[in-house]
1. Below 17 Å, Cα to Cα, which aspartates and glutamates can LYS55 reach? Residues fewer than 8 away in the same chain don't count.
2. Could you order THR12, THR171, THR204 so the one with the most accessible surface comes first? Probe is 1.4 Å.
3. Give me the accessible area per residue for the range 30-121, probe 1.4 Å, as a whole number in Å².
4. Please work out how much accessible surface MET23 shows to a 1.4 Å probe, ignoring ligands, DNA and RNA, in Å² rounded to 10.
5. At 1.4 Å probe size, with the rest of the protein present, what percent of the exposed accessible area of the range 145-192 is carbon and sulfur atoms?
6. Please tell me which of these pairs span more than 29 angstrom C-alpha to C-alpha: LYS34/LYS76; LYS41/LYS79; LYS13/LYS76?
Amino acid sequence: MTLVRLITGTMTKHILRERALEMRREGSSYGSIKDTLHVSKGTLSVWLQGYPLSKKRIDELRGSNEHRIERCRETKARKRAEREKSVRENISRDIGTVTDREFFISGLFLYWAEGTKAERGLVCMTNTDPRMLIFFIRWLEVQGVERFRLRVKLHLYSDMDIQSETLFWETILGLGAAVFRKPYIKASVHDKPRNYKGRFGHGTCNVFLRDVALYERVMAGIEHLGEMPLSHSKPKPETV
């Protein structure tokens, strides 16, 4: 029985080797032969010694690999886009319509995380994300703050187009030039100009106003939110 297995195994390896050589002569790559015959790369390196591919064929295989890689990237990108679209649709459905109360509370959480709290009477949000500042401005309006009372100060770099960046913030925030103060320009320490084409590559924007009553209301709201976890702890399990 052992001798039969040995002979059978030898014959099988011989057949596989001949098939591997045949595929190699036809221009197949190591990877293609390995996947077809289920033979290790180490075994193939022994069998195929002296059977290199021509430069033309190598170039063809590399080109094929590049196309395959690109198709794989496109497929992954498409699947990711479909997945993200589905996630956005689901989260939009889960959130639904936001009530005035929910909007006010979300603004308090935002200010708790990003707002200025150290200077009494100063209500200020500083960020690079225009959407966050648009939310903040709308939130202030719900608290009864007129837009003309707001002030805006930009923090930009010296190698930026100052006029263009100022116009960007004026336009996207929907605020007139009158509320903008002279921007703070920081000298760029880089030898080469920065690439400001990123997601939030328009400098930093401060939107603020001075209002003691509003400041006290916001701080009181944040303090209340900070106490909520203490008064809303998980209920203890019932004991029988």
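1. Filter leaves GLU26, GLU66.
2. Descending accessible area places them as THR171, THR12, THR204.
3. Dividing the accessible area of the range 30-121 by its residue count gives 79 Å².
4. Approximately 10 Å² of MET23 is accessible to the 1.4 Å probe.
5. On the range 145-192, the fraction of accessible area on carbon and sulfur atoms equals 56 percent.
6. Those over the limit are LYS41/LYS79; LYS13/LYS76.
The values are calculated or read from the model by the stated rules, or taken from the named source; none is laboratory data. These numbers were taken from a predicted model, which means no experiment stands behind them. All accessible areas refer to the heavy atoms of the entire protein, side chains included, with ligands and DNA or RNA removed. Shrake-Rupley method; radii C 1.70, N 1.55, O 1.52, S 1.80 Å.
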